[in-house]
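Visitor: Attaching a single structure in structure tokens format; questions to follow.
The values are calculated or read from the model by the stated rules, or taken from the named source; none is laboratory data. All figures in this text were calculated on a predicted structure; none of them were measured in a lab. Virtual Cβ from ideal backbone geometry, glycine too; neighbours counted across all protein chains shown. Each accessible area value is taken on the protein alone, full model and side chains, heavy atoms only, with ligands, DNA and RNA left out. Shrake-Rupley method; radii C 1.70, N 1.55, O 1.52, S 1.80 Å.
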Amino acid sequence: MSLTVENLRVYYQTLRGDVKALDGATFTLDDGEIMGLAGESGCGKTTLAHSLTRLSPPLRYVEGRVTLDGQELPIADMSRMNDFRMKKLSVIPQYAMNALNPTRKIGTIIRDLLRSRHVEADTSLQELYRRLDLVRLPYDILKRYPIELSGGMKQRMVMVVSTLLNPSLLIADEITSALDVATQKAVAEMLVEFRDRALVKSMIVITHDVSILYQLADSILIMYAGQLSEKASTQTIIRAPRHPYTKLLISSLPTIGVRHAEHKLSGIPGTTPLLLDPPAGCRFRDRCPVAFSKCSEVPPFVEVTDGHWVACWKESETHA
Amino acid sequence: MMKTKKGSEFLFFALRNYKLRVGLTVVLVFLAIALVGPSLARNTPFAYANPLGAEPPSGEYWFGTTTFGQDVFAQFVHGLRATFVVGAIGGGLGTFLGVLIGFTAGYRGGLVDEVLNMLTNIVLVIPTMAVLLIITAYLEVRGIITESIFIGLTSWPWVARAIRAQTFSLRSREFVDLARLSGMKPWKIVFCEIAPNMMSYLLLASILQFGGATLNAATLDFIGLGPTTGISLGLMMNNAVLWGALLLGFWWWFVPPGLAITLIVGALYVTNVGLDEVFNPKLREM
Amino acid sequence: MLSLDGVSKVYNVGTFGGKQLRAVRDVSFDVRDGEAVSLIGESGSGKTTIGKMILRLLSVGSGTISIDGVSIATLRGSGLKEYYRKVQGVFQDPFSSFNPIFKADRMFEVLRQEFYPEASEKEWEEKVHESLRCVGLNPEHVLHKFPHQLSGGQLQRFLIARACLLEIDLLVADEIISMLDASTRIDVLNVLADLKSGGLSLLFITHDLSLAYYISERAVILQRGRVVEMGLTERVFRNPLHPYTRMLMASVPRLDKRWEDTDYGAGEIGRPSELAGSTAEEALADERHTLTQAEPGHFVATSG
């Protein structure tokens, strides 16, 4: 087991109370697995990424355990997590490519980052060059300023930096959103290649774009309003989902080959609940076409078939 | 209605803000003195009331008298009025010009913006002292209004700059495009869509302009470039220095006006900071 | 209905306007009555510039844009206002499209003042409610609320309702659902499709090929300001001829096929011209192109 998350609960502190952004996440990630984490805005996917890497106020750790390669991660302790960041787990945050300091050369940025992890840049230089070859960036990029690079180049640079120390787990948060189609494909393929060459053991790829996940992920975890809905292999999620939310979500996605005139798709009526005071039990209850009385209790995230986990009373009922 | 709620939310924070309360109180006290004072004064500012010349404060002359026996209190309250007038007119003119030029440059962009920018920079760079000296050389008699106009005409650039910048950023928002698609005329868009978003800044800018104009006027008066008629706090200090009040120890001649100017302008700036905290929640020390 | 003929737009950029940026080059296409045409391109393709020119938010550079045969380039004042009764737009960011300090329905008030000043209270209320129902919104749920109290999907539909109210002929929709959640996107898209079957012409500007396929009859593919391919959506998507279109079709992530299974032969990235602001691609786009008909209803740009 590469990553194990048990009953992770992380809330946001606000003046009006706690926003229950992540309420009971339990899942595992195997070595070599690329898991896509998908959901709509407010589902908690970025909160999950932050909880694993940067749990600081206003985020508040409530309960739960995270284990990576058999070692428990002290996620609630920011300073102790320093030893793990970049070396054991690494994150590419949203908009990372826009966060490069415009007044510093790329080479300087990398050197400073490595120094903060107590790694001298010179010893890693050869490895750095090898990685640059891998992502097809010229070596002289180290002497350039961020403003001289295109979006795709910056994103690839960020990927190189984040994986330089061969972390076991890489979390990529919306790294393909702001790119054009060709670069998006290249970046996605590079992620897979990093895994194939064992530079990174496993990955969590966070995005709202399910079709990209279909192309690169082995499994997909769907979240809704801070709770996990379903986790299964990519094929299963796309072709044979079981959770009502997943079913409605997948069927609302337009794809080439589907025309309004021939096949009118429909969305999901209603809106996501506010997480300041969410409804008890399954949070999808109000919008679910098959909700029944038991749904007022939180459904457990159970394995209904091998490798297929669902949090739904209806589904676990029919399975049982 | 969120708008009144937001209004009352502002009021709530405004009333609790220490700086705002203190600053506003000081200014209002002086304003009251300026309004009521002249009717309380027993003498006119320039009358040679005291045949004994300069005398320290007493029961008869609350602020003492000058070398010429003029009632310092009378001069003070009349001067205070003049100071407020200059502040209002000069500051008002400066704000008006800044708003006009800022909105026009920010909304129209392009060539208009370039030209107005150049104008702003020129006015910013003009050495106001030098221009004033030239003007004083030509105008034998200058009144308070002339001084106010001069101050107004030279103090608008920073307001214009700030408003231009904010207008630029608001203009690129899509609701402005939609307003255009609704057939709204440009001036209507500026005043009905863009300006309301900047009300807090406009208020702060006008307060700062008022304070700045007052200080400017006092400075000009003090060095002798002020009005040739009438009395103001700065003129009082000018006279005091000219007639050796500092050397002879006639503190009651220059301390009241100096203190008043300092307190008024200081209070205005403090009010400004307080208002900024009210409008900008991130600055509140909660 | 809408016709573009040889439309170009050049910006002067750089200090003192030294350099020139050709945002749109010689674009020609049309939108017929009751038809939806997708204008497809990535960032920098000029699609938003074209949309803004059609809406007269930008001046028409060169060439002609005409509605029902009448050129719009010289419209001003009341002529322009009349134009806005026929053509309206909806934009990408629902929260930026509303003035945050006013309630969302103030927008209807503005329309009333500008376009229907003599309407009575009762009449107006009816009209507003009708247009809200037209887009699937319940008047009781969305009126008298501030923008931040409504969701992105509701706000976008509000803006479409605005178009319904004016009874326009053409709607320019510029990336209107890219900022919405997946489950609400399709609802807004369906609203557009329903309006289209009611007779509204639609210019659907997007970078997302699957949306274009879903809603439009014809598609125009733009690359760096130039039309590289256009025609019936079916034909262009199933049989892309231009290298750029083929690259798009091969690179777009789909839910029915994996990238390995597509057979369009994507181009390599890591082109030498990848650095920002390169001149190589500029030169490439400057070559003279003409549109030739490859098959009925399908045109491709060829060099020469």
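Visitor: From the gyration tensor of the Cα coordinates in the stretch A:48-105, what semi-axes in whole Å does the equivalent ellipsoid have, largest first, with each one equal to sqrt(5λ)?
Guide: 24, 14, 10
Visitor: List the aspartates and glutamates whose Cα lies under 17 Å from the Cα of B:Lys19, skipping any in the same chain that are fewer than 8 positions away.
Guide: B:Asp276, B:Glu277, B:Glu285
Visitor: With respect to the cross-link table entries C:Lys103/C:Lys196; C:Lys127/C:Lys196; B:Lys185/C:Lys81; A:Lys154/C:Lys9; C:Lys86/C:Lys196; A:Lys185/C:Lys257, which display a Cα-Cα separation exceeding 18 Å?
Guide: The pairs that break the limit, which is 18 Å between Cα atoms, are C:Lys103/C:Lys196; C:Lys127/C:Lys196; A:Lys154/C:Lys9.
Visitor: Please report the Cα spread of chain A along all three principal axes, rounded to whole Å, starting with the longest.
Guide: Largest to smallest, the principal-axis extents are 63, 49, 39 Å.
Visitor: Follow-up. By DSSP, what percent of the beta bridges with both residues in the stretch C:2-297 are antiparallel, rounded to the nearest 5? Could the numbers behind the result be given before it?
Guide: Numbers: 22 of 40 bridges.
Percent antiparallel among DSSP bridges in the stretch C:2-297 is about 55.
Visitor: Taking amide H atoms as placed 1.01 Å from N in the peptide plane, list the residues 5 or more away in sequence, or in a different chain, whose amide H sits under 5 Å from that of A:Leu221.
Guide: A:Gly36, A:Leu37, A:Ala38
Visitor: Across peptide C:91-97, what mean number of C-beta atoms from other chains lies inside 10 Å of a residue's C-beta?
Guide: Per residue, the average neighbour count from other chains is 4.
Visitor: In debye, nearest 20, what is the charge dipole magnitude of the protein assembly as shown about its Cα centre with +1 on Lys and Arg Cβ and -1 on Asp and Glu Cβ, if you could check?
Guide: In debye, rounded to 20, the protein assembly as shown gives about 1000.
Visitor: Another question, then. How big is the stretch B:167-286 by Rg and Dmax over its Cα atoms, in Å?
Guide: 22.0, 72
Visitor: Could you work out the percent of alpha carbon pairs in the stretch C:2-297 separated by over 24 Å, rounded to a whole number?
Guide: 56 percent
Visitor: Would you work out the relative contact order for the stretch C:2-297, in percent, from Cα pairs under 8 angstrom that are 6 or more residues apart?
Guide: 23 percent.
Visitor: With each run of n ≥ 4 DSSP H residues scored as -39500 (n - 2.57), what mean residue ellipticity at 222 nm is computed for chain A after dividing by its residue count and rounding to the nearest 500 deg cm²/dmol?
Guide: Helix contribution divided over all residues of chain A: -8500 deg cm²/dmol.
Visitor: Stokes-Einstein D for the stretch B:176-245 at 10 °C, 1.306 mPa s, Kirkwood Rh over Cα pairs, in µm²/s?
Guide: Rounded, D is 103 µm²/s.
Visitor: Tell me the Rg and the Dmax, in Å, that the Cα atoms of the stretch C:1-159 produce.
Guide: Gyration radius and largest Cα-Cα distance of the stretch C:1-159: 18.5, 56 Å.
Visitor: Report Rg(Cα)/(2.2 N^0.38 Å) for the stretch B:130-196, keeping two decimals.
Guide: 1.76
Visitor: Carbon and sulfur atoms: what percent of the 1.4 Å accessible area of the stretch C:2-297 do they account for?
Guide: Values: 6090 of 12450 Å².
C and S fraction of accessible area: 49 percent.
Visitor: Using alpha-carbon pairs under 8 Å, 6+ residues apart, how would you state the relative contact order of the stretch A:96-166 in percent?
Guide: Rounded, it is 46 percent for the stretch A:96-166.
Visitor: What angle do you read, to the nearest 10 degrees and between 0 and 90, between the alpha-carbon axis of helix B:2-16 and the longest principal axis of chain B?
Guide: Its long axis makes an angle of about 30 degrees.
Visitor: Here's a follow-up. Rounded to the nearest 5, what % of DSSP beta bridges with both residues in the protein assembly as shown are antiparallel?
Guide: Details: 63 of 100 bridges.
Taking every DSSP beta bridge within the protein assembly as shown, about 65 percent pair in antiparallel fashion.
Visitor: Could you give the Stokes-Einstein D for the stretch A:96-166 in µm² per second, using the C-alpha Kirkwood radius, 20 °C, 1.002 mPa s?
Guide: D, rounded to a whole number, is 178 µm²/s.
Visitor: May I ask for the accessible area buried between chains A and C, both sides summed, probe 1.4 Å, to the nearest 100 Å²?
Guide: The summed interface area works out to 4000 Å².
Visitor: Quick one: Debye curve from the alpha-carbon atoms of the stretch B:1-129 only, equal weights, vacuum; give me log10 I(q)/I(0) at q = 0.10, 0.12, 0.13, 0.19 Å⁻¹ to two decimals.
Guide: -0.65, -0.80, -0.85, -1.03
Visitor: For peptide A:208-214, what's the mean number of Cβ atoms from other chains within 10 Å of each residue's Cβ?
Guide: Per residue, the number of nearby Cβ atoms from other chains is 4 on average.
Visitor: C plus B alone minus the pair: what accessible area, both sides summed, probe 1.4 Å, in Å² to 100?
Guide: 2100 Å²
Visitor: Could you work out the Rg to Rh ratio of chain B, with Rh taken as the Kirkwood radius (inverse of the mean 1/r over all Cα pairs)?
Guide: With Rg and the Kirkwood Rh in hand, the quotient comes to 1.06.
Visitor: Measure off 7 Å from each Cα along the Cα-to-Cβ vector at C:Thr64 and A:Asn166, then give the distance between these two points in nanometres to one decimal.
Guide: About 6.9 nm, to one decimal.
Visitor: Of the peptides C:37-46, A:295-304, how do they stack up when ordered by the mean number of other Cβ atoms within 10 Å, highest first?
Guide: Those peptides, ordered most packed to least, come out C:37-46, A:295-304.
Visitor: Could you work out the mean count of beta carbons from other protein chains within 10 Å of each residue's beta carbon in C:170-182?
Guide: That works out to 3 on average.
Visitor: Output the Cα-based Rg and Dmax of the stretch B:108-239 in Å, rounding Rg to one decimal and Dmax to a whole number.
Guide: 19.1, 61
Visitor: Mean residue ellipticity at 222 nm from the helices of chain C, using -39,500 (n - 2.57) per DSSP H segment of n ≥ 4 over the full residue count, to the nearest 500 deg cm²/dmol?
Guide: Values: 11 runs with 104 residues, N = 304.
Calculated from helices alone, the mean residue ellipticity at 222 nm is -10000 deg cm²/dmol.
Visitor: For the protein assembly as shown, report the accessible area per residue in Å² (1.4 Å probe, heavy atoms, rounded to an integer). Can you show the working numbers first?
Guide: Working: 40380 Å² over 910 residues.
Heavy-atom accessible area per residue stands at 44 Å².
Visitor: Any chance you could check the stretch C:112-160 for residues losing 50 Å² or more of accessible area when the partner protein chains are in, compared with the chain on its own (1.4 Å probe)?
Guide: C:Glu114, C:Phe146
Visitor: With the convex hull built on the Cα atoms of the protein assembly as shown, state its orientation-averaged projected area in nm².
Guide: Directional mean of the projected Cα hull area for the protein assembly as shown stands at 47.7 nm².
Visitor: Just the number, please: carbon plus sulfur as a percent of the accessible area of the stretch A:96-166, 1.4 Å probe, no ligands or DNA/RNA counted.
Guide: That share works out to 53 percent.
Visitor: Which residue, B:Val72, B:Val265, B:Val255, has the most motion in a Gaussian network model of chain B that connects Cα atoms within less than 10 Å?
Guide: B:Val255
Visitor: Now for a different question. Using the Kyte-Doolittle scale, find the helices of chain A whose mean hydropathy is at least -0.5 and whose Cα atoms extend 27 Å or more along the helix's long axis, counting only whole DSSP H runs.
Guide: Working: long enough: none.
Result, helices passing both filters: zero.
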